[in-house]
Every structure is written in C-alpha cells, then in structure tokens.
Amino acid sequence: LESGKYSPNTVIDTTPGLIKVGDRTIRDTHNYGVLTVAGVIEKSSNVGASRIALSLNKKSMWEMLTSVGFGKPSGIKLPGEVSGLLHASSNWVPVEQASISFGYGISVTPLQLAHAYTVLANGGETLPLTMTRRDGAVSGERVMSISTARRIQSMLELAVSRQGTGAAAQVADYRVAGKTGTVRKLTATGYSDEKYVGWFAGFAPASDPRLVMVVAVDEPRQGGYFGGEVAAPVFSRVMAGALRLLDVAPDAPR
C-alpha cells in the first residue's frame, strides 16, 4: 500500500493455488483463484502475498520491516532479549523475499510483533516500549501514512469476519482487527511437518484501539494447530475480559 502500487481492491491472481519461485514451490491450503489484496489478507494466501512481495523493491520492504521494529532490540532493556532475525535485503534471493511476506525467513519475538501492531493501531506511528508506566504524552515516529494504517486496519477486520481465518478472535460487542499465523517449527533437519506454532495478533476496539495483544501457542496438542483454531479463541477470551476491566466502551454496531 505504501509503495503506491496497490490498493485494498487491487486484483491478485493466485491460481492454481501455488507459485514456483526458483526451485521452491509456495502453496496455499486452497486454490483461492482471483483475490483482491484485502482478500489475500482475509484468506491468508501465501501465493498472493508472494506475488505482491516479488513486485516490490527489496530495500523498501526491508526498511519497512525494520521501521516497525523487526530485526533489532525493542529498547525495553530486559536482560536476555533477542533481536530476532532479519537478513539484509542485499542478501535476499527471490524465494526469501517471497517467504518473508508470509512469515518465513524471518523470526520475531511476541513483543516485537505486538510493537509492530501498535503502529497499525496508532495510525502509522511507532511508539517507544516500556515495562513501567509513563505519565504524560509520549512522542512517536511516523513510519507509514495514516491512510495506509487505516486501510490495513480495515483489512484486518475482514480477517476476523465470519469468512476470515481469524473468526474465532471476535469479541462480543467490539470490533476486532487482527491476523492469524501458522508456522512450521525450524528443527536441525529443516522445517518440521509435525511441530507448529499457531498465533494470533490483533487489537481492539478497531474504531479507537486501546489494546494490542499477541497470542502464541507453541506445539499445540489438541484442537488443531492453525492459529485460527488454537490462538484466536484465547485472544477472544482474554481481550474480552481486559476491555471490560478497563471499562472500554463497545464499538460494534447493534
């Protein structure tokens, strides 16, 4: 969106549900056919995300990822914190550029992911993180336009709709924006076919965000392994309680 090449309604052809990048094949769980950019988010289309990523400038992609906090310490100064992994764009090969668009070839901590979502919830500005309360206004840094952030918010609401992969993250009486994720764990012999991490990241109320939350379920044992199955319901329950404890006004239409 920020590149100007795409809008939420730009059409992406994901047929036939796979794409060959170098010697690798990237697949979707279904052949979704022709999708809009918003549809790529709603359906979690790896093929659609890859087609978009491969059309973009590598350095611009890397700059956006670093500007929201990936690949570097968060600044909270807790001992033992790791920076995650984000290779320099000059070293990216096409399959890495494609894979990063749907969460492979990059590693982030839950805190880094939550920090990135605060940018989307805060109209495109990144805010400093702290583990202690701060009184008064905190100045941020703009990393994307207000228009881009708001359009992403709208697309993330679609992902939590009945047709989206994150439907189980819905909270009664509140609008929720967020995204599921399902990744195979990296082992000594490569990506596992049996071990997964299912996650959900999002914020609420979508009309005036107050809380950002990331839920990660490491190696789920029951109820499936997709993020929409194991992490989204946890997000729904915890977010519902938190919003009511803070007495946040509902924003869902009645």
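Rule-based calculations on the coordinates, nothing more; no lab input. Predicted model, so just to flag it, every value in this text is computed and none were measured. Here Cβ is always computed from backbone atoms with ideal geometry, including for glycine, and neighbour counts include all displayed protein chains.
Computed over the Cα atoms of region 116-215, the ratio of the radius of gyration to the Kirkwood radius (Rg/Rh) comes to 1.05.
The charge dipole of the chain, taken about its Cα centre with unit charges on the Cβ atoms of Lys, Arg (+1), Asp and Glu (-1) only, comes to about 100 debye. Regarding region 93-155, what's the average projected area of the Cα-atom convex hull, expressed in nm²? Mean projected area of the Cα convex hull: 5.7 nm².
Within region 53-123, the proportion of Cα pairs with more than 22 Å between them is 23 percent.
Karplus-based coupling profile of region 83-93, in residue order and whole Hz: 8, x, 9, 8, 5, 4, 4, 5, 9, 5, 9, with θ = phi - 60° in 6.51 cos²θ - 1.76 cosθ + 1.60 and x standing for Gly or Pro. Over the Cα atoms of region 1-126, each weighted equally, I'd like the Debye log10 I(q)/I(0) at q = 0.09, 0.15, 0.20 Å⁻¹, rounded to two decimals. Log10 of I(q)/I(0), two decimals: -0.28, -0.76, -1.22. Stokes-Einstein diffusion for region 42-189, with the hydrodynamic radius set to the Kirkwood value over Cα pairs and evaluated at 37 °C in a medium of 0.692 mPa s, equals 195 µm²/s. Rounded to the nearest 20 debye, the dipole size of region 204-254 about its Cα centre is 160 debye, using +1 on the Cβ of Lys and Arg and -1 on the Cβ of Asp and Glu.
Working from the Cα coordinates of region 11-53, the gyration tensor eigenvalues give, after taking √(5λ), semi-axes of 16, 10, 8 Å in decreasing order. Pair-distance distribution P(r) for region 190-238, from all Cα-Cα distances in 5 Å bins starting at 0: 5, 22, 27, 18, 12, 9, 4, 3, 0 percent.
With 10 Å bins beginning at zero, the pair-distance distribution over Cα atoms of region 13-84 amounts to 18, 34, 28, 16, 4 %. Both radii come from the Cα set of the chain: Rg as radius of gyration, Rh as Kirkwood radius; their ratio Rg/Rh reads 0.94.
Take the alpha-carbon positions of region 151-209, form their convex hull, and give its projected area averaged over all directions (one quarter of the hull surface) in nm². Average of the hull's projected areas for region 151-209 equals 5.1 nm². Just checking the listed ones, Gln97, Gln153, Gln222: in the Gaussian network model of the chain with Cα springs under 10 Å, the one fluctuating most is Gln222.
A cut-off under 12 angstrom between Cβ atoms defines the neighbours of Lys179, and their net charge, with Lys, Arg +1 and Asp, Glu -1, is -1. Evaluated with a Cβ-only charge set (Lys, Arg +1; Asp, Glu -1), region 117-205 carries a dipole of roughly 80 debye about its Cα centre, given to the nearest 20.
Check each of the trypsin sites (Lys or Arg not before Pro) in region 132-194 and keep only those in coil by DSSP with at most 10 other C-beta atoms within 10 angstrom; list them in order. Counting only loop positions with at most 10 other Cβ atoms within 10 Å, the trypsin sites (Lys or Arg not before Pro) in region 132-194 are Arg133, Arg134, Arg162.
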